[in-house]
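The values are calculated or read from the model by the stated rules, or taken from the named source; none is laboratory data. Here the structure is a predicted model, which is why all the values come from computation and not from measurement. Every residue, glycine as well, gets a Cβ built from its backbone with ideal geometry; the counts of neighbours run over all protein chains shown.
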């Protein structure tokens, strides 16, 4: 269970970096917020992904 929580935290952290660094047109097409030729940076999606990463790390640390 800890390994799964850590893996999900890493995935969320990677998604957060992508949302903060890439405009909507440069995101992979499977990610929410993708829009061809968009220059909008999806900060709210990035904050949600960071929150998810923090929650998964806390879950992993709380499990014994």
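Overview of results
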read-out	value
Top-ranked residue in region 35-48 [being under 18 Å from residue 13 (Cα atoms) and assigned to a loop (DSSP other than H, G, I, E, B); ranked as modelled with the lowest pLDDT]	42
Output for region 1-34, where each listed residue is in contact with a helix residue (DSSP H, G or I) (Cβ under 6 Å, 6 or more places away or on another chain) and modelled with pLDDT of 90 or more	2, 5, 6, 8, 9, 12, 13, 15, 16, 19, 20
Filtered residue count, region 1-22, keeping only those that are more than 22 Å from residue 62 (Cβ to Cβ) and either surrounded by fewer than 15 Cβ atoms within 10 Å (Cβ to Cβ) or touching a residue at least 40 places away in the same chain (Cβ under 8 Å) (or both)	3
